[in-house]
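Novice: Just passing along the structure, written as structure tokens.
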Amino acid sequence: MFENLRYLVVGAGITGSVIAERIAAVLGERVLLIDKRPHTGGNCHSSIDPETGIETHMYGSHIFHTSIEKVWEYISRFSAFTSYRHKVLIRCGGKTFFMPINLKTLIDFFGRNFSPDQARELMAQERDAFTHPRNLEEKAISLIGRPLYETFIAGYTQKQWGRSPQDLPADIITRLPVRTNFNTDYFNDPHQGVPKDGYFTLFDRLLSHPKIEVRTGTDFRSIRDQVPASCLVVYTGMIDEYFDHRLGALDWRSLSFEWETLPTCDFQGTTVMNYGDVDVPFTRIHEFKHYHPERREPFELEKTVICREYPAQYVPGREAYYPVNNTRNQELLAGYQKLAKQNTSLLFCGRLGSYRYWDMDKAIESALDLFEREILPRAGKGSAK
Ligand code: UDP
């Protein structure tokens, strides 16, 4: 299997799959893609629930959205996307509001009407107090003011990250738009949707090139001694784990999911309901049939599949979902990146390998860039299309 192997990609998530596809399609080289999980797709993996026919996202909801034209053009080669536009609601103190914060959220929360200008003014009241926000709490208050922060952000964030919003980097909160109009979409990107034929089909197509050999259920540690020294290894797993945590362990946040099939057509009327109160232990409930109203049979069935998402402490053996990007971890990461540079036949990328809080589109963009910047030149080739 390893004789004359020139390209090994570790991790068959979105980053590893894109890299493998590029190596096979552009370089025409054989590439071995391994993953310790029993499936490809990484955290984007989905499957059809045999009892209900509903497509379920095994690691929580994944909605494709991007403003990066190059990424949209690339991924559209492998899948059509539905016109699904993500809407999220949040339940706080027994009431339900639209999230991210928009004019309708303000009207429902304060119980009176606002014009867009009045909404802007209301939310900006504490902006001057935090011109240089030092953490997530200060940044959020500067954007939306204290009452909205306390209701919609403080509890959810505390649960999600297992630490105070005062101890979290400000940029996490800028993932969420704040609107002063009635647009209730979760994302701003022009391209949005879910794969028409499922994430599993998207990955099957991405990895269908005959030069790609996929081995799931294969842990890198069990094969690393057999990999030829001249083989380029593209590693999309956790960078600290690769180096056996020799500088210390990076902090990650994990999740656990509680699945249920219920004897009702519609449990919550939408795909994702967030729960902002700290005394509710989960952060959100996903109801997957709502991603595909066009699939009439499972959509109208008198059964539904839901999943409660519980944030969890990361310990080795669990899945690492979110990097905790504070100063300690950034310094540790820099140390590991220095170690990585010493080995010229090793590249780290992806959410885990780069220790970045990336959406799917950013992961694709960075995989395409890495291929162009690092892999093509090594192969003595010019730019790829
Ligand atoms: N967030 C929040 N309330 C919400 C939704 C999100 O406070 O109802 C905060 C929380 O800190 C979270 C961050 O916004 O970590 C980013 O949310 P996003 O939905 O982008 O998280 P993801 O879907 O990546 O888990």
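Novice: Based on the Cβ-Cβ distance from I48 to E213, what FRET efficiency comes out when R0 is 30 Å, to the nearest 0.05?
Specialist: 0.70
Novice: If one computes the Cα centroid of the range 28-49 and of the range 190-269, what distance in Å separates the two points?
Specialist: The range 28-49 and the range 190-269 have Cα centres separated by 6 Å.
Novice: Sticking with this one: Summing +1 for each Lys or Arg and -1 for each Asp or Glu, what net charge is found among the other residues whose Cβ lies under 11 Å from the Cβ of P281?
Specialist: Once all neighbours under 11 Å are counted, the net charge is -2.
Novice: Hey, got the dipole for the chain? About the Cα centre, +1 on K and R Cβ, -1 on D and E Cβ, debye to the nearest 20? Before the final figure, lay out each step's value.
Specialist: Working: 47 positive and 49 negative charges, 158 e Å.
It works out to roughly 760 debye.
Novice: Label the chain by shape, choosing from rounded, prolate and oblate, from the square roots a ≥ b ≥ c of the eigenvalues of the Cα gyration tensor; if a/c is under 1.5 it is rounded, and otherwise prolate applies when a/b is larger than b/c, oblate when it is not.
Specialist: Taking the square roots of the gyration eigenvalues as a ≥ b ≥ c, the chain is prolate.
Novice: Using each residue's phi in the range 49-57, evaluate 6.51 cos²θ - 1.76 cosθ + 1.60 at θ = phi - 60° and report the 3J(HN,Hα) Karplus result to the nearest Hz, with x for Gly and Pro.
Specialist: 5, x, 6, 10, x, 8, 6, 10, 8
Novice: For a Förster distance of 35 Å, can you work out the FRET efficiency between the beta-carbons of H245 and D266, rounded to the nearest 0.05?
Specialist: On the way: r = 46 Å, r/R0 = 1.31.
The value I calculate is 0.15.
Novice: Further, regarding this structure: Starting from the coordinates of the alpha-carbon atoms of the range 192-278, obtain the Kirkwood hydrodynamic radius over all distinct pairs and give the value in Å to one decimal. Please list the in-between numbers first.
Specialist: Numbers: mean 1/r = 0.0537 Å⁻¹.
Every distinct Cα pair counted, the radius reaches 18.6 Å.
Novice: Using bins 10 angstrom wide from zero, how does P(r) for the range 137-181 break down, in % of all Cα pairs?
Specialist: Final binned percentages: 28, 62, 9, 1.
Novice: For A124 paired with R356, estimate the spin-label separation in nm (one decimal), with each label point 7 Å from Cα along the Cα-to-Cβ line.
Specialist: Those two pseudo-labels are separated by 3.3 nm.
Novice: Would you give the gap between the C-alpha center of the range 72-130 and the C-alpha center of the range 290-354, rounded to a whole Å?
Specialist: 24 Å
Novice: Could I have the simple spin-label model distance between R30 and R112, label points 7 Å from Cα toward Cβ, reported in nm to one decimal?
Specialist: If labels sit at R30 and R112, their model points lie 7.4 nm apart.
Novice: Go ahead and collect, in residue order, the members of the range 240-254 whose backbone nitrogen is under 19 Å from a label point 7 Å along the Cα-Cβ direction of Q342.
Specialist: 240-250
Novice: Now for a separate question. Taking amide H positions as placed in the peptide plane 1.01 Å from N, state which residues far from L347 in sequence (5 or more) or on other chains have amide H under 5 Å from it.
Specialist: V233, V234, Y235
Novice: Let me make sure I get this right: for the range 47-115, a, b and c are the square roots of the gyration tensor eigenvalues over alpha carbons, sorted descending. Under 1.5 in a/c it's rounded, otherwise prolate if a/b > b/c, else oblate. Which is it?
Specialist: Oblate, because a/c is 1.5 or more while a/b does not exceed b/c.
Novice: With each pseudo-label sitting 7 Å past Cα toward Cβ, what's the Q330-D279 distance in nm, one decimal?
Specialist: 3.8 nm
Novice: Could you please report the charge total around L202, scoring K, R as +1 and D, E as -1 over all other residues with beta-carbon less than 14 angstrom from its beta-carbon? Spell out each step's value before the answer.
Specialist: Working: positive: R77, K196, R205; negative: E21, E55, D197, D204, D361.
Summing Lys and Arg as +1 and Asp and Glu as -1 gives -2.
Novice: Residue farthest toward the positive end of the dipole of the chain, with Cβ of Lys/Arg at +1 and Asp/Glu at -1: which of N188, H57, T271?
Specialist: It is N188.
A short reminder: the numbers here are calculations on the coordinates, not readings from a lab. Here the structure is a predicted model, which means the values were calculated and not measured. Cβ: placed from backbone, ideal geometry, glycine included. Neighbour counts: every protein chain shown.
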